[in-house]
Amino acid sequence: MSVPLLKIGVVLSTMAMITNWMSQTLPSLVGLNTTRLSAASGGTLDRSTGVLPTNPEESWQVYSSAQDSEGRCICTVVAPQQTMCSRDARTKQLRQLLEKVQNMSQSIEVLDRRTQRDLQYVEKMENQMKGLESKFKQVEESHKQHLARQFKAIKAKMDELRPLIPVLEEYKADAKLVLQFKEEAQNLTSVLNELQEEIGAYDYDELQSRVSNLEERLRACMQKLACGKLTGISDPVTIKTSGSRFGSWMTDPLAPEGDNRVWYMDGYHNNRFVREYKSMVDFMNTDNFTSHRLPHPWSGTGQVVYNGSIYFNKFQSHIIIRFDLRTETILKTRSLDYAGYNNMYHYAWGGHSDIDLMVDENGLWAVYATNQNAGNIVISKLDPVSLQILQTWNTSYPKRSAGEAFIICGTLYVTNGYSGGTKVHYAYQTNASTYEYIDIPFQNKYSHISMLDYNPKDRALYAWNNGHQTLYNVTLFHVIRSDEL
């Protein structure tokens, strides 16, 4: 930036010197510094020494004079001869000087244009340098802020992971325990194989005691791993494509061993026929089913089959009905007081989904909304026999904003929508009466979910997605209790 400014200073200094020289030298060269004109009496010109010639031939001459009728003076003047021989040298010198001045003026003009251009360039460069300086400062501040955010995020992650260290230690201990179980089971298998060859060669009571002890220890270990926090949901597996856009399907989590029946309910209102398929294979590959007629049409898609009974919301009411599927009789009815119904507080997709019944490892639940809770979700734990409310939790999540919901290990999980991009983003823990916002991806393959329920026996989510019956596996983070087996 200093070179263009130096050029501007040199140019301005040169122009000042040239102007000063011209003002002092030019008049003396052309003979104007000694010329004096004055008006003489009688109208004649008085010329003193100087450039103007004293030779009459080089001056103006009065040829005649007269006076007109009005008294004005009329003169006849003879102009000097146009010969300028005596001044040729000076005229030539003046002409040369004028040419030099003209050339210098042109050079000064060119230099001035260049100077102006350089000045504009300097100003532009100055603005660019200021802009670069500002950007460098912004980059520096942004970098510092970014590092601070990264450090804060890493620190938060470390704070989050630090409590898991004891859990991992417990997992190591449990892994050793499982290996011990495996070795004992292998030993028992070997002993049983030997007993098949030679009955009575081994103490049967001792063997029975070892088997019972192993079963109890395995059961205790499984109980420790029964519940956990939802951390992931798999991609869906399409089991069947059938029915209308809305509906529900399920299996009984408390069904005895070998009972693999599938229950199927098409539509969300004005229907009372439940299909029974003998197994999942029959449901997938055939249309062979047994039909059960309910005493009342159901409302919504929040029905569940639990311990041989189907629980459903009676159409256009807040009444819950327990219906025995074996005897086809009503075992119990009860009103869910203050619960909204008939599309008052439905899920975002509508469909009379005001009351949603669910089951998990802890039993039977009802999810709904009330005016008293400003239309926000209410969770109630129900007695599966009497349908009495055992305990209730009021949340702050609007029921109409929820796409669907399900319960795992006493925690209610809510999706942010039912169509397009969907995720599980809200969780309410009933065991602590607290909630949190989460972000668990959920693939909505067919773009319209009208039913989503958890089965604790299968550890899977059952979904009805736009006429497709699908399954999702879930990943749970098990928090192992520290008590010894």
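When Lys and Arg each count +1 and Asp and Glu each count -1, what net charge do the other residues less than 13 Å away from Y454, Cβ to Cβ, add up to?
Around Y454, the surrounding residues sum to -4.
How are the alpha carbon pair distances in region 274-314 distributed across 10 Å bins from zero to the largest one, expressed in percent?
25, 47, 27, 0
Which links in K240/K332; K124/K144; K229/K278; K278/K457; K229/K457 stretch past 24 Å when you go from one Cα to the other? Walk me through the numbers on the way to the answer.
On the way: K240/K332 33 Å; K124/K144 30 Å; K229/K278 33 Å; K278/K457 18 Å; K229/K457 16 Å.
Listed pairs above 24 Å: K240/K332; K124/K144; K229/K278.
Calculate the tail of P(r) for region 308-390: the fraction of all Cα-Cα distances greater than 22 Å, expressed in %.
Summing the P(r) tail past 22 Å for region 308-390 gives 22 percent.
For region 110-151, report the % of Cα-Cα distances exceeding 17 Å.
When all Cα pairs of region 110-151 are counted, 54 percent exceed 17 Å.
Consider all pairwise Cα distances in region 342-392 and report the whole-number % of them above 14 Å.
Details: 680 of 1275 pairs.
When all Cα pairs of region 342-392 are counted, 53 percent exceed 14 Å.
Quick one: P(r) of region 392-459 from all Cα-Cα pairs, 10 Å bins, percents rounded to integers, in order of increasing distance.
Cα pair-distance distribution for region 392-459, in percent: 20, 53, 26, 2.
Based solely on C-alpha atoms, express the radius of gyration and the Dmax of region 233-292 in angstrom.
12.2, 34
Output ³J(HN,Hα) for region 95-110: one whole-Hz value per residue in order, computed from phi by the Karplus curve 6.51 cos²θ - 1.76 cosθ + 1.60 with θ = phi - 60°, and x for Gly and Pro.
Those phi angles translate into 4, 5, 5, 4, 5, 4, 4, 5, 4, 5, 4, 5, 4, 5, 5, 4 Hz.
For region 347-485, state the semi-axes of the equivalent ellipsoid (square roots of 5 times the eigenvalues of the alpha-carbon gyration tensor), sorted largest first and rounded to whole angstrom.
With the √(5λ) rule applied to region 347-485, the semi-axes are 23, 20, 15 Å.
Just to check I understand the Karplus step: with θ = phi - 60° and J = 6.51 cos²θ - 1.76 cosθ + 1.60, what whole-Hz values come out for region 115-123, glycine and proline as x?
For region 115-123, the Karplus curve yields 4, 4, 5, 5, 5, 4, 5, 4, 4 Hz.
Search the structure for amide H atoms under 5 Å from the amide H of L382, placed 1.01 Å from N in the peptide plane, and list their residues when 5 or more places away or on another chain.
Answer set, sorted by chain and number: L364, W365, A366, L390.
Provide Rg over Rh for region 226-356; use the alpha carbon set for both Rg and the Kirkwood Rh (inverse mean inverse pair distance).
Radius of gyration relative to Kirkwood radius: 0.97.
Order 138-151, 286-299 from most to least packed using the mean count of other Cβ atoms within 10 Å. The partial results should precede the final answer.
Details: 138-151: 10.0, 286-299: 14.9.
Going from most to least packed, we get 286-299, 138-151.
Read the figures in this text as sums done on the coordinates, not as results from a lab. All of these numbers come straight from a predicted model, not from anything done at the bench. Every residue, glycine among them, receives a Cβ derived from its backbone with ideal geometry; neighbour counts consider all protein chains shown.
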